[in-house]
Amino acid sequence: MISGRKPKPTALRLLTGNLGGRKLNPNEAKPDLAQPTPPDFLNNHAKVEWGRIVGTLFRAGLMTELDSSVLAAYCQSYGRWVQAERALARMAEAQADSDHALTIVTHNGTAMQNPLIGIANKAKADMVRFALEFGMTPSARSRMSASPNEVADDLTREFFGSPTR
């Protein structure tokens with residue numbers, strides 16, 4: 001197995017300015033840009049996140065039908081993170097000591113970390129990992145050199161062909 005850095009998709013390299021000056025892959029698959037609808041299995045928080053982000057990714061030249069499952073995974077991770085954090089907040093409100101929601105007491109009296117913290121942390125880590133695939137983190141944005149509309153126009157013309165293709 002070969003390790004090392006994953007190759008960055010050409011669209012993302014164009015957005016970040018191809019700082020390393022590496023040759024762009026002329027044979028990279030160029031699926032049509034799309035704004036797919038969210039899958040039915042997403043929870044409500046995930047569907048809201050899908051609606052918030054899919055248009056932005058499309059305008060940045062980063063959203064195709066092929067990407068819908070990765071976006072669904074990102075959104076579902078976001079939805080689980082929100083659910084777990086809200087459940088922790090409700091538990092804290094129900095307790096006189098707001099820190100009490102961070103731990104639970106087992107049947108034999110042993111205190112342990114609330115499992116919701118693990119769920120929230122795992123969902124948050126998954127969400128960030130999927131967000132990296134779309135260049136949606138602060139560090140990825142700091143490497144971008146043009147406005148989203150300008151980038152979408154450039155990508156449409158230079159990488160994906162004419163807008164009416």
**OP:** With θ set to phi - 60°, apply the Karplus curve 6.51 cos²θ - 1.76 cosθ + 1.60 along the stretch 122-128 and write out the HN-Hα couplings as whole Hz, x wherever there is a Gly or Pro.
**Re:** 5, 4, 5, 5, 4, 4, 5
Subject >> Mean separation of Cα contacts under 8 Å, 6 or more apart, over the residue count of the stretch 67-129: relative contact order % >> reply: 43
Original post:
Stokes-Einstein D for the stretch 31-79 at 25 °C, 0.890 mPa s, Kirkwood Rh over Cα pairs, in µm²/s?
Top reply: 235
**OP:** Could you list which residues have their amide H under 5 Å from that of Asn114, counting only those 5 or more apart in sequence or on another chain, with H placed in the peptide plane?
**Re:** Thr103, Ile104
Subject >> the stretch 80-94 - phi-based ³J(HN,Hα) in whole Hz, Karplus 6.51/-1.76/1.60, Gly and Pro as x >> reply: 5, 4, 4, 4, 5, 5, 5, 5, 4, 5, 5, 5, 5, 5, 6
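Read-outs: derived from the displayed coordinates by stated rules, not from any lab. Computed from a predicted model, the values in this text were never measured in an experiment.
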